[in-house]
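Notes follow once the structure below has been shown.
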Amino acid sequence: MRAVLCGYYGQGNGGDEALLATLLQMLPSHVQPLVLSGQPEETQNCYGVEACPRKSAPAVWSALRQSDVFIWGGGSLMQDATSALNPIYYGGIMGMAQQMGLKTVAWAQGVGPLKRSLTQAIARRSFQGCTAVSVRDRASAALLEEWRVPCTLAPDPVWALASKPVSGFWDLPAPRIAVALRPHPQLTDARLAALTRALVMLQQSTQAHVMLIPFQPVNDLAIAQSIHTALPKTSTILTLSDPQQLKWVFQGVEMTIAMRYHALIMAAAAECRCFALSYDPKVQQLMTEVAMPGWDLEQIPDDAGAIAQTWIEQYANGDALSVTQVQAMVDRALLHRDLLQAVLS
């Protein structure tokens with residue numbers, strides 16, 4: 001059985017690559033995947049699978065014609081906060097697959113925000129035509145229920161991603177604090193400066209080594225470099241392209257401060273203390289689901305000392321998820337695998 005895998009793959013985003021790695025891990029062994037990718041050669045080399053250009057209409061058409069199944073996801077693909085073109089692109093390919101008679105699976109989706117009536121209509125039609133749907137948060141499930149689309153609700157599948165050791169990691173000084181920030185309009189220069197000063201205070205108080213992890217280097221690296229400048233001898237920029245290695249890193253971390261959604265999931269899954277800086281409803285939903293402390297970006301205190309004191313308290317006395325809690329999340333995340341096995345058997 002051949003399956004086309006469609007997501008934000010091959011774009012250098014660690015979170016989306018982690019979703020792809022988890023999807024490949026969860027696919028039944030008799031399914032042969034073909035990935036629509038922004039960097040097909042890189043995807044082929046990294047995962048040992050067939051890939052083709054995601055924005056080449058002839059290549060996508062040919063891939064669909066050769067396949068039996070179209071798997072769409074995971075991640076927040078059907079949303080118009082980043083661009084109104086997202087629902088048009090993904091809805092267009094989904095519609096094409098459905099018209100060609102392929103089984104269509106919306107997998108591990110985060111639906112919305114959808115602010116425009118057109119994108120809402122595209123999304124609704126796309127999901128209603130699916131053979132099966134799984135979502136990763138309650139808000140998405142509620143929206144699909146409103147649209148009368150049956151779905152499986154389970155935590156993000158990256159909770160269940162296998163990890164792979166990073167050579168030389170244990171040579172980094174310990175203890176360690178991981179930081180994964182990303183650009184956002186609400187992360188103003190003033191807020192970033194306050195966060196940077198607070199990280200300096202946190203490092204001085206804890207004597208921890210700060211690991212700056214750009215999940216999407218093309219966007220995140222500049223922020224990591226600016227923080228490293230303030231902590232030249234007590235921080236390291238760690239850039240990893242293998243999502244299994246990326247997840248493994250958090251096993252050696254005492255605390256994680258992150259905006260990146262999948263950085264927080266990977267850290268929580270490693271029983272690491274976490275502090276979230278939320279820029280998106282998906283991060284807020286994760287904070288609620290696992291009782292993770294944090295702030296929305298606009299709630300960040302102006303006073304770097306107040307930020308640092310909050311972080312120091314979390315570092316010293318904060319609670320990580322227990323082994324039992326992590327295992328419960330992993331077990332529930334495997335419902336995404338069960339859905340694939342049921343549809344693709």
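Quick look at the numbers
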item	result
Using alpha-carbon coordinates, inclination of helix 117-128 to the longest axis of the chain, degrees	70 degrees
17, 289, 50, 298 arranged by Cβ crowding within 10 Å, fewest neighbours leading	298, 289, 50, 17
Highest-MSF residue in the chain out of 187, 23, 36 [GNM, Cα springs under 10 Å]	187
The range 169-328 shape via C-alpha gyration tensor axes, a/c threshold 1.5	rounded
Ascending count of other beta-carbon atoms within 10 Å, so fewest first, for 62, 163	62, 163
Nearest-20 debye value, the chain charge dipole, Cβ charges on Lys, Arg, Asp, Glu	760 debye
More than 17 angstrom apart: percent of Cα pairs within the range 2-153	58 percent
Taking the chain and dividing mean pair separation by its residue count, relative contact order in percent (alpha carbons under 8 Å, at least six apart)	17 percent
Least to most buried among 242, 156, 16, 68 (fewest other Cβ within 10 Å first)	68, 242, 16, 156
Cα shape, the range 265-306, gyration tensor, a/c 1.5 rule	oblate
Relative contact order %, the range 100-234, counting alpha carbon pairs below 8 Å whose residues are six or more apart	19 percent
FRET efficiency, 1/(1 + (r/R0)^6) with R0 45 Å, evaluated for residue 222 and residue 100 via beta carbons	0.60
Neighbourhood charge, 12 Å Cβ-Cβ cut-off, centred on residue 102 and excluding it, Lys, Arg +1 and Asp, Glu -1	+2
Global form of the chain, assessed from the alpha-carbon gyration tensor, a/c cut-off 1.5	prolate
Added length on full extension, which subtracts the Cα-Cα distance from 0.36 nm per residue, residue 295 to residue 11	99.4 nm
Positive-end residue, the range 2-153 charge dipole about Cα centroid, Cβ charges, pick of 144, 111, 40	144
Charged-residue dipole, Cβ positions (Lys, Arg, Asp, Glu), the range 2-153 about Cα centre, Debye nearest 20	460 debye
Rounded to 10°, Cα long-axis angle of helix 217-230 versus longest principal axis of the chain	0 degrees
Table column - 3J(HN,Hα) (Hz), the range 133-141, Karplus curve with 6.51, -1.76, 1.60, x for Gly and Pro	9, 10, 10, 10, 8, 5, 5, 5, 4
Full-extension gain in nm, residue 81 to residue 207, via 0.36 nm per residue minus C-alpha separation	41.4 nm
Tilt relative to the chain, helix 85-99 - C-alpha long axis, 0 to 90 degrees, to 10	30 degrees
Additional length obtainable on full extension of the chain from residue 88 to residue 147, 0.36 nm per residue less Cα span	19.4 nm
Helix-only CD estimate at 222 nm, as mean residue ellipticity for the chain, using -39500 (n - 2.57) per DSSP H run (n ≥ 4)	-14000 deg cm²/dmol
Interchain or long-range residues, amide H under 5 Å from residue 104's placed H	70, 131, 132
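Here, each number is a calculation from the coordinates, and none is a lab measurement. Being a predicted model, the structure only gives us computed values, none of them experimental. Positions of Cβ are backbone-derived with ideal geometry, glycine not excepted, and every protein chain shown enters the neighbour counts.
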